[in-house]
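Peer 1: Mind having a look at this structure? Questions to follow.
The values are calculated or read from the model by the stated rules, or taken from the named source; none is laboratory data. A quick note: this is a predicted structure, and the numbers were derived from the prediction, not measured. Cβ placement follows ideal geometry from the backbone for every residue including glycine, while neighbour counts extend to all protein chains displayed.
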Amino acid sequence: MCARQLRVNEVSRFSKQSARLVLEEHSHCEVPAGCGGVVLRWRNPALGMPVVLWLFANGDQQVFIDGMELASGRPILAYGEHVLALRLTNVPRKQGLLMFAAQRSPHPGFVADAVPDPSQFFVSRDDGTWKYAVAPEGDAWRQADFDDSLWQPLAGMSIAEPAKKEYAKKYCYDKLLTIGAGGLGSPLEAPVICIRKKFTLTTEGIH
């Protein structure tokens, strides 16, 4: 048998190892792989990091990062500065708008009972950095370089706890409380409220 045939048929050719890449395993709960299915994905850790997003918002919502609407709650983001943009519609009156957390996630999945490491999260807080406007025109407000100096900061506001039978909402609500996310809201009542928050992802943490 020639050397080429031996090399092509080596069992090690199929080994799931790489010196430069990370192999992620995702269950059917994370991707549409079908019941019991598993999806494997190679990722280059030098290019970016997965970030898990937790959002509890009243009304309907659209979520954007750097101008792109998200199709996943665990996007891979490049290192550097980003902007989270939220568009909320049909918001109930006299209620807080949202609680939010983003978790730097170098490994797929998480330990449910682990004590959160503050350096791996940024959360919604009444600190003046979460800004909002009522129905701004166009899409420029979704971009990191948009001038939001005229936008108003969201204020701390309690968020009503969902009913126990609303299992998904209740789980998200409880998770955000555990992480330490605070409720934010606006004194204004409007059919469309847009929100911006800048954050930075590094190889060490997220803030």
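Peer 1: Output the residues belonging to the stretch 190-206 that are part of a loop (DSSP other than H, G, I, E, B) and within 23 Å of A140 (Cα to Cα). Break it down into steps so the answer makes sense when it comes.
Peer 2: Here is the first cut: in the stretch 190-206, the residues part of a loop (DSSP other than H, G, I, E, B) are 190-191, 202-205.
Across the stretch 190-206, the qualifying residues are A190, P191.
Peer 1: Does Y173 satisfy the criteria of being assigned to a helix (DSSP H, G or I) and touching a Phe, Trp or Tyr at 6+ places or on another chain (Cβ under 7 Å)?
Peer 2: So Y173 passes the test.
Peer 1: Which count do you get for residues in the stretch 172-196 that are out of contact with any Leu (no Cβ under 8 Å at 6 or more places or on another chain), crowded, with 19+ Cβ neighbours inside 10 Å and closer than 17 Å to A155 by Cα?
Peer 2: Residues flagged as out of contact with any Leu (no Cβ under 8 Å at 6 or more places or on another chain), crowded, with 19+ Cβ neighbours inside 10 Å and closer than 17 Å to A155 by Cα within the stretch 172-196 amount to 2.
Peer 1: So, one more: Given the options S149, S186, S124, name the one that is over 19 Å from F100 (Cα atoms) and among the hydroxyl-bearing types (S, T, Y).
Peer 2: On the way: S186 fails: over 19 Å from F100 (Cα atoms); S124 fails: over 19 Å from F100 (Cα atoms).
Going through S149, S186, S124 in turn, the sole match is S149.
Peer 1: In this structure, is Y167 buried (at least 17 other Cβ atoms within 10 Å of the Cβ), under 16 Å from A57 (Cα atoms) and under 21 Å from the mean Cα position of the chain (by Cα)? Break it down into steps so the answer makes sense when it comes.
Peer 2: Numbers: buried (at least 17 other Cβ atoms within 10 Å of the Cβ): no; under 16 Å from A57 (Cα atoms): yes; under 21 Å from the mean Cα position of the chain (by Cα): yes.
No: the conditions fail for Y167.
Peer 1: What single numbered condition from (1) more than 21 Å from the chain's Cα centre (by Cα); (2) farther than 16 Å from N58 by Cα; (3) among the charged types (D, E, K, R) fails to hold for E189?
Peer 2: That leaves (2) as the condition not met.
Peer 1: Within the stretch 133-145, work out how many residues are buried (at least 17 other Cβ atoms within 10 Å of the Cβ) and either on the phi > 0 side of the Ramachandran plot or in contact with a helix residue (DSSP H, G or I) (Cβ under 8 Å, 6 or more places away or on another chain) (or both).
Peer 2: The qualifying residues number 1.
Conditions (1) outside the structural domain of G180 (by TED's automatic domain parsing); (2) of a type in the set (D, E, K, R); (3) more than 22 Å from L201 (Cα to Cα); (4) buried (at least 20 other Cβ atoms within 10 Å of the Cβ), marked per residue:
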| residue | (1), (2), (3), (4) |
| --- | --- |
| L53 | no, no, no, no |
| Q61 | no, no, yes, no |
| M68 | no, no, no, no |
| S72 | no, no, no, no |
| I76 | no, no, no, no |
| N90 | no, no, yes, no |
| K94 | no, yes, yes, no |
| L97 | no, no, yes, yes |
| A101 | no, no, no, yes |
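Peer 1: While we're here: State yes or no: is L40 modelled with pLDDT under 95 and closer than 30 Å to E189 by Cβ? Steps first, answer last, please.
Peer 2: Details: modelled with pLDDT under 95: yes; closer than 30 Å to E189 by Cβ: no.
Considered against the rule, which asks whether it is modelled with pLDDT under 95 and closer than 30 Å to E189 by Cβ, L40 comes out as no.
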